[in-house]
Each structure stands twice: as C-alpha cells, then as structure tokens.
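Report on the following structure.
Each reported figure results from applying straightforward, stated rules to the coordinates on display, with no laboratory input. Small disclaimer: the values here were computed from a predicted structure and weren't measured. Here the Cβ is made from the backbone with ideal geometry for all residues, glycine too, and neighbour counts use every protein chain on show.
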Amino acid sequence: MKKLLTLLFLLFALTVFHSAATHAAESPSLYLNGERIGEGSSPRIVKGYTMVPVRVIAEEIGYDVEWIHETKQVRIRNGSSLIELTVGKSAALVDGAETPLGAPAFVDKGVTYVPLRFIGEQLGLDVYWDQYAKSVFLYQPQPEEPPAAEEPPATEDPGTDEGIGDGDGEVVDPGAPLPAVPADALAVVKEIRFDGTGSIAVLYEGTVTPNEPHWSGTKLVIDLPYAALSPEIMAKLAAQHLSQGELLIDMKAFERVRYSYYSNNPSTVRIVFDLKAKLDYEIVLEEGVLYVDFASLELPPETAKRYKVVIDAGHGGEDPGAPSVTGQWEKAFNLAVARKVYKLLEQDDEITPYMTRSEDAYIGLYERAAFANDLGADLFISIHANRFTNASVSGVETYYNRADSQKLAEVMHKHLLKATGIADRGVRKANFVVIRETKMPAVLLECGYLSNANDAKMLFTESAQDRIAAEIVAGIKEYLTAYGGK
C-alpha cells in the first residue's frame, strides 16, 4: 500500500511539474489582420528582441520568399522591392542599401526568424505588441475609403466622450477576461476628460507622481511612471487594433489628447497634448485627479511665414542603430546632432524646428513620416551614421527618394562634406521609408562610417558634432532661400 501511495504521489508531482513548465515556456502568439498565423513557429523573445518567422508573414501578404542554402540567405520580393537577409548578420540589404536589423537573423528547425520591428516596417505593416496578452498583432494598412454621401451632423454630447477611441472598433466581448494590471503599477488611469474650455482631467486610482513635462515641438508630453491604463481601456484599444487612445478636442490651438501604455520598465502611461502652438499651462494634482489647465486656447498672432523643418534623429530606444568601433551606438550620435540642429534653428525667426524624437525612444519609421506629413512640414532631414563590414570604408553619403528632393540632397551633401572633411561617397537615390513616405523634400544624411576608426572617433567628438550641426543648419537655410518650402 505504501509503495502504491508513493507511486501515485510521484505521478502527481511529475504532472504538475510538466504543466507548469509547459506554461512557463509558452511562446507569444502571432496575428495578422486579426487572424492567428504561424502555428508551430511562434515569435521568440531573444535578448530583449521579439523575433518573428519571416516566411510566414511575408507569404501571407503576397511576397515571394526564396531560401538560398549555399549562402544561408533569404530573399523577399514583391516585384518592386527586394530584401536580402543573411543568417547571423545584424544588417540586411533593402533595395541594395544596408539597413540594420537590431539583432541578427537566425534559423531554428528550418524557420528563419528576424526582429519584429524590422519586418513590420519593411513590409509596410502596423505593429502592435499586446503587453498583457503577450501577443504580436500585425495589420496591413487599409486603403482609404471613398468619402460617403454627406449626412446631417449628429448632435454631440461633450460630457460622454470618455477618451477611449472613436467608437468605430469591434465590440468587446463582455464575457472575455480583462487584461491584468502590471504588478509595479501604483496607479491606474481610468478616464481622460475635457471640460470644453481649457482643462483636461486625468482620473486615476492609486498614487501618481508625474515626471517633469517636456515639449516636443508644439506637443506637450507628460509621463506617469509606475502607472497603467485601466484593463477596460486596454481591452477596448486591443479590440480596435490601436496602440494608443485619443480624445479629439479640435478647438482653436488644441487638436487632441493621446494616451498610451508607453513602457513596462517601469510601467508608464504617456499623455501627449497635440497643440498648434506652445501654450501656457498649469498642472494641479489632487487625490484621484490630475488637471492640466491651459490659460488660453487662442492661437498666437502670426507674423511672417515660418518654415516648418522636421529633424529626425535616426533609430532610438530598443533600436540602437549601428555599433561603433569606439563602443558607442549610432542612436546616441544621431540624437546629439539633432538636438544641436534644433537649438540652432530655434534662433531663426523664419524657421520653426520639430524633432521626431527628443530623447532615447523608439519611433517607427512610418510614424516619423506621418508626423512630418501631418505637420505639413516644408523639409525633412534624417540624421544617421553608417557601418560596413570593410573597416577601411570611410566618407559621407546623402540619400533622397523623389525628384523633388534631389536639389535639397545636393545642397545638404555639400555642407556635410565641409563639416566632416572626409571622403565624398556621393548623393544617392534610395528607398528608405522616411524619405519615401514623406510628402515634402526629404533627405537622409549618413555622416560617416562607425565601422571606420577615424570616422567613428571624429563623429563622437563635441567639436565635430557642432560643425555638422552648424553645416546642416546652413544647408537648410541655403535651400530655403533659393527654393522656398515644399
């Protein structure tokens, strides 16, 4: 009898252990346009990067995928674009131009995995990581619907807008379980309201200590660390395939309020106030409510024409860009120079500068282009540094995509050469997203090679960064004087 009990206990323990181990090893799920794909080849989390099966995704949206065994290379094409990936390498060739992956591609059980962000951006997919469900959602942008016949406008009740989207998404199953609140969240944002005059109320439960607000162009950004959006808001955003919520204001200088679960280290809610001009404001923190009160929503009087110039610091956050032989990363160089350019342009009465990112944060390539397009920018300048396997390669390159950007590229390249004093690798045409999807003259500047010891050492000196920033500004002013805005 004792032996039988011992055997039963061992069988029970093994069953529990196997169940727990299976649950712990469960991989994220992958969805495309709402349908689960890639059964048996789920995404993997490798050293902080989400890696996804490239063939499964590419073939689902109509791309041809070819595996070349001899070179361990994957070629992805759709008739107009070619992506070449080599296993073990942390860069790919996109229409012949070297593009960093962030993490090297690898093969497991015959399946090639690449970083999620790279494949999403290069295949034109919107990417959403559901932190709570631990799932990857990919969506193909839908073509714009033709405008419907005009109908009498509905009467709006300003008191019913709860700031959870536009109400056009899917209905959430009332029986579905809500996502859990992150363990480190000390506060939960329940609702965001506008009083119709100039005050935004952020309703929350718990304890909130907002970070110091900062401006990004005319956008006011407030982060709430150790906070999360309520499970109800997160569920509704997921059902509508949205990564952020929006409260439309559309009143004078105030366009909208956007909010999202911005980070999980620590859990952070980001609230962005999209304004047409910098406005005076006051923050009042009370129990359960954070007020952001604007003194006036009136637009300041305009004087002369001001050109809008977007400065794009390439890479950022989880995407470090190219590594330097000095041990630093490209994203740090890009941001340092972009900030210097921004400060110099601020001193010009005829130019209003904007930055796609003003801190070490990841911004998608399509988001950067959309930011400039929505702004109605006159110029778009993307700042980068290059890398190549041959360490002797040195020099600067300037890239453009459309004919309306070629003159800008030629002007900027001349000034980039003057600032760096290194080899002239020419003005080139390329298919980079940020210069292809923008609707104004746009260029991408490669200021040197981080794989070259001399270039890298020079680029990470304060004096060189000052020279590069000054010449970028000089090039912008020369172009605007000669050709005007968009």
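In table form, for the structure just shown:
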{"item": "Estimated D of the stretch 305-362 in µm² per second, where Rh is the Kirkwood radius over Cα pairs and Stokes-Einstein applies at 20 °C, 1.002 mPa s", "result": "178"}
{"item": "Global geometry of the stretch 52-123, whether rounded, prolate or oblate, following the gyration tensor of its Cα atoms and the 1.5 cut on a/c", "result": "rounded"}
{"item": "Cut-off 17 Å (backbone N to label point 7 Å along Cα→Cβ of Phe388), residues of the stretch 80-107", "result": "91-100"}
{"item": "22 Å Cα-Cα threshold exceeded, pairs from Lys407/Lys477; Lys190/Lys278; Lys89/Lys109", "result": "Lys190/Lys278"}
{"item": "Proportion of all alpha-carbon pairs of the stretch 233-278 beyond 12 Å (%)", "result": "64"}
{"item": "Cα-based equivalent ellipsoid of the stretch 172-284: semi-axis lengths in Å, sorted from largest, via gyration tensor", "result": "24, 17, 12"}
{"item": "Cα-based shape type of the stretch 332-486, given that a ≥ b ≥ c are square roots of the gyration tensor eigenvalues and the cut on a/c is 1.5", "result": "rounded"}
{"item": "Rotationally averaged projected area of the stretch 350-429 (alpha carbon convex hull; nm²)", "result": "7.1"}
{"item": "Packing rank of 333-342, 353-362, 290-299, where each peptide gets the mean count of other beta carbons within 10 Å, highest leading", "result": "333-342, 353-362, 290-299"}
